[in-house]
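Structure first, then comments.
The values are calculated or read from the model by the stated rules, or taken from the named source; none is laboratory data. Quick caveat, the model's predicted, so the values are computed rather than measured. Methodologically, a virtual Cβ is constructed for each residue, glycine included, from the backbone with ideal geometry; neighbour enumeration extends over all protein chains shown.
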Amino acid sequence: MFNEFGGGDADFWQEPDFLLADLVSGFVNKGGMELGITLFVKGLVLTGTLTSEQDYLKAISGMFATQAKKSLVNPSKQEIKNTEDVFDFTGLAEDVDLTELYGQRDAEFDDDTAEPDEHEFEAPDEPDDDDRTMPNIRYLHLKDPVIIQPQPAVSFTHTQVSILRVKLTTIDGWMVGKVTVDDDLEDFPPPPPNEIRH
């Protein structure tokens, strides 16, 4: 079922959560739905809004193209277009049907056009024990991420591209819903120094 992660039983624990991968693939990447989520990653608690890989790629494409255009001196319309084309990363998405982006592919490029050799051996179809398939994604994208733990909370909402790319295999746990971070800690003053216990 998950061949790319190895074949042994020990490799099972290195696989990403199939439920999270399905949620990211179906609802977010393909459905365009944004969803609040909290992730637990190697001792960190991250919260934010799941956004599609296409939104992430559009954001970084725009950022790099803008920076590159600033370096041009009196650019022509063609130079501006060429710069935008060079920094267009939107075709690199893992979880998108490329025919939606670029139209139908010519039949001459398909691998299935060759006639099968009538003497070639074909293995009989064997039923799979598990017919679930893992979506072909390796990353999720967290918009306006906040690192809650360890303290103090860190926010990235004022960066040029406030979308964090997180590898699915690094996530230890997750829950649907964005955690609210309270900045007002006046209700909890620190204890006097002589009452601190070590």
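Selection within the stretch 9-54: residues that are surrounded by fewer than 20 Cβ atoms within 10 Å (Cβ to Cβ), closer than 15 Å to VAL166 by Cα and acidic (Asp, Glu). The member of this set that is modelled with the lowest pLDDT is GLU15.
Looking only at residues in the stretch 134-158 that are touching an Asp or Glu at 6+ places or on another chain (Cβ under 9 Å) and surrounded by fewer than 13 Cβ atoms within 10 Å (Cβ to Cβ), which one is farthest from VAL181 (Cα to Cα)? Among residues in the stretch 134-158 that are touching an Asp or Glu at 6+ places or on another chain (Cβ under 9 Å) and surrounded by fewer than 13 Cβ atoms within 10 Å (Cβ to Cβ), the one farthest from VAL181 (Cα to Cα) is ASN136.
Of all residues in the stretch 40-64, those satisfying the criterion of being more than 21 Å from ASN136 (Cβ to Cβ) and assigned to a strand (DSSP E or B) are PHE40, VAL41, LEU44, VAL45, LEU46, THR47, GLY48, THR49. When residues of the stretch 25-51 are filtered for being in contact with an Asp or Glu (Cβ under 8 Å, 6 or more places away or on another chain) and either free of Cβ contacts under 8 Å to residues at least 60 places away in the same chain or closer than 21 Å to ILE147 by Cα (or both), how many remain? The qualifying residues number 7.
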